[in-house]
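Encoded as structure tokens, the structure appears first; notes follow it.
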Amino acid sequence: MQKLLQDVHIGDNIQRLRKNRNFSQTDMVTKLQLLGRSMSRANYAHIEQGIRNIYISDLILLKKILNVDYEDFFKGLTPRRS
């Protein structure tokens, strides 16, 4: 399973999209579990905080749950310079 390394923090965008739909972190974890992805609320919170990198498969599920386009996860972000 491949992870997306968060060299640019997308967690704020994930949190914003979640809150726009009035979902709690617990709601998100429950929805992920219903789609077959077991994740604790703490692990989900770490993704939003940028502490934990996100699996590509999780991003696909979040897109489905939040009913957004992939570009919404990256809105307003700029690449880091090396």
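What follows is calculated from the coordinates using simple rules that are stated; it is not laboratory data. Just so you know, these numbers come straight off a predicted model, no measurement behind them. So basically every Cβ, Gly included, is an ideal-geometry build from the backbone, and we count neighbours across all protein chains shown.
What the pair-distance distribution of the chain shows, using all Cα-Cα distances binned every 10 Å from zero, is 18, 58, 22, 3 percent. Taken one residue at a time, the phi angles of segment 35-44 give Karplus couplings (6.51, -1.76, 1.60, θ = phi - 60°) of 8, x, 10, 7, 8, 7, 5, 5, 5, 4 Hz. Gly and Pro are set to x. Per-residue packing, averaged as other Cβ atoms within 10 Å, sorts the ranges 7-14, 33-40 into the order 7-14, 33-40, beginning with the highest. Between 0 and 90 degrees, the angle of helix 25-34 with respect to the longest Cα principal axis of the chain falls at about 70 degrees.
Can you put Tyr55, Tyr44 in order, fewest other beta carbons within 10 Å first?
Tyr55, Tyr44
Residues whose amide H falls under 5 Å from that of Gln6, counting only those 5 or more places apart or on a different chain, are Ile54, with hydrogens built in the peptide plane. Descending by average beta-carbon neighbour count within 10 Å, the peptides 59-66, 20-27, 74-81 line up as 59-66, 20-27, 74-81, the highest first. Against the chain, whose longest principal axis comes from its Cα atoms, helix 56-66 is set at around 60 degrees.
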